[in-house]
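The values are calculated or read from the model by the stated rules, or taken from the named source; none is laboratory data. A quick note: this is a predicted structure, and the numbers were derived from the prediction, not measured. As a convention, Cβ positions derive from the backbone with ideal geometry for all residues, glycine included, and neighbour counts pool all protein chains shown. Each accessible area value is taken on the protein alone, full model and side chains, heavy atoms only, with ligands, DNA and RNA left out. Shrake-Rupley method; radii C 1.70, N 1.55, O 1.52, S 1.80 Å.
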Amino acid sequence: MTDTAAAQLRRVLHLIPRLADGEEHAIADVAAAAGVEPAQVLRDLASISERFDTPGGFVEGVSILVEDDTVCVTAREFHRPMRLTMSELCALELGLTMLRRERTPAEQGPIDRALERLRQAITQVPSNDRHEGTRWADLNDAGAAEHLATMRAAIAERRRLELTYRAGGATESSARTVAPHSLVYAEHMWYLVATADDDALRFFRLDRVEDARACDERFERDDRAAARVLEAGRAFASDTAQRMTVRYSPRIARWVAEREGLTLADDGSLTMEHPVADESWAMRHVLQYGPDAEVMAPESMRELLRVRLSEASARTD
């Protein structure tokens, strides 16, 4: 990919304040100021103006009129180049730091780079007493060492564990009693492989464990689940080799390709294969993108998607 979503966002934030005066501007001049071809300027403007899911009563925040050689932009916002206050910069720093704490080491690279640039910007903003104490928040390191030690001891002694765990996306933690079978290191993160009272296999990410305590009750350990996780190279286990092929439309493909480190097709779309350990996950993944994601194969997954859509449609009738 020669152009990234981040580069396009920078151009848009640079161009809109210069164009949002209601006057006509020559597209060639706009392209020269942005250092790109005129066709790229038109694509940039289209990316923020085209909507395919506009709800009733929606009022456009940015209006763009493109003639043969000129462009006219009217916008209620973005009347100045993006410039954040100290408090806004610090809020972003805190948000990114908290987001980093929730991600695995494999996902932390882009966040670290964003934090480095953000902190460089913060040092260039004049400081005064109003901002004293604004910047810093103390966050514990992910995956407390004492929890890891408790889990290892419980596995070795075949004792059940009482966990206080906050699942991804949850607003509150919950108490769980599990049988810990093993610890695995996958996707640069420690996971506890355990079974619950229903004998279903569960994976608990170490950095989301708030407390761990070994119980007196013992259990029979099963190492086969961990072996499947290690073989897969990621924190899920499934006895099926089922795969799902999905095509992402050019409207969203670039974002998916950047996240997955893949290359777009000539038409701007992206087709990739996903392992399917959970069909419910597969349906949620595809449906979140609406018409911009299409299941290409296998036919069984296409049929399952049709059934889910029919059920959803019936509930709304």
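Just to be sure, is Glu116 closer than 30 Å to Glu260 by Cβ, at pLDDT 85 or above and among the acidic types (Asp, Glu)? Here the answer is yes, as Glu116 does meet what is asked. Restricting to segment 24-60, name every residue that is more than 19 Å from Asp3 (Cα to Cα) and at pLDDT 75 or above. Scanning segment 24-60 gives Glu24, His25, Ala26, Ile27, Ala28, Asp29.
Can you tell me which residue among Pro110, Pro126 is open to solvent by 30 Å² or more (accessible area, probe 1.4 Å) and at pLDDT 85 or above? Before the answer, list the steps.
Numbers: Pro126 fails: at pLDDT 85 or above.
Exactly one residue qualifies, and that residue is Pro110.
When you scan segment 16-34, how many residues do you find that are under 30 Å from the mean Cα position of the chain (by Cα) and open to solvent by 50 Å² or more (accessible area, probe 1.4 Å)? Walk me through it before giving the result.
Applying the first criterion (under 30 Å from the mean Cα position of the chain (by Cα)) to segment 16-34 yields 16-17, 34.
Imposing the further condition that a residue be open to solvent by 50 Å² or more (accessible area, probe 1.4 Å) reduces the set to none.
The number of residues fulfilling the criteria is 0.
Tell me which residues, restricted to segment 246-284, are open to solvent by 50 Å² or more (accessible area, probe 1.4 Å), closer than 14 Å to Asp3 by Cα and touching a Leu at 6+ places or on another chain (Cβ under 7 Å). Listed by number, the list holds a single entry, Leu262. Got at least one residue in segment 71-91 being open to solvent by 60 Å² or more (accessible area, probe 1.4 Å), farther than 30 Å from Ala32 by Cβ and at pLDDT 75 or above? The answer is yes; a qualifying residue exists. Pairs meeting the criteria (first residue in segment 59-76 and over 14 Å from Ile16 (Cα atoms), second residue modelled with pLDDT of 80 or more and in a loop (DSSP other than H, G, I, E, B), beta carbons under 6 Å, at least 6 apart or on different chains) are lacking.
Restricted to segment 140-182, and to residues there that are among the small types (Gly, Ala, Ser) and under 13 Å from Phe203 (Cα atoms), the residue that is modelled with the lowest pLDDT is Gly168. For segment 35-44, what are the residues that are open to solvent by 20 Å² or more (accessible area, probe 1.4 Å) and under 27 Å from the mean Cα position of the chain (by Cα)? Matches in segment 35-44: Gln40, Arg43. Exactly one residue out of Arg234, Arg213, Arg228, Arg243 is at pLDDT 90 or above and open to solvent by 40 Å² or more (accessible area, probe 1.4 Å): that is Arg213. Does Val12 meet the test of being more than 31 Å from the chain's Cα centre (by Cα) and of a type in the set (Val, Ile, Thr)? No: the conditions fail for Val12. With respect to Glu132, determine if the residue is more than 20 Å from Asp278 (Cα to Cα), open to solvent by 20 Å² or more (accessible area, probe 1.4 Å) and modelled with pLDDT of 85 or more. No: the conditions fail for Glu132. Of all the criteria given as (1) charged (D, E, K, R); (2) closer than 29 Å to Arg202 by Cα; (3) modelled with pLDDT of 85 or more, the one not satisfied by Glu102 is (3).
In segment 1-15, the qualifying residues are those that are open to solvent by 70 Å² or more (accessible area, probe 1.4 Å) and in a helix (DSSP H, G or I), and the one that is farthest from Ile252 (Cα to Cα) is His14. Among residues of segment 262-296 being assigned to a loop (DSSP other than H, G, I, E, B) and in contact (Cβ under 8 Å) with a residue 60 or more places away in the chain, the one that is nearest to Arg43 (Cα to Cα) is Leu264.
Which of the residues spanning segment 285-299 are out of contact with any strand residue (DSSP E or B) (no Cβ under 6 Å at 6 or more places or on another chain), open to solvent by 70 Å² or more (accessible area, probe 1.4 Å) and either hydroxyl-bearing (Ser, Thr, Tyr) or within 10 Å of Met244 (Cα to Cα) (or both)? Residue satisfying the conditions is Glu299 alone.
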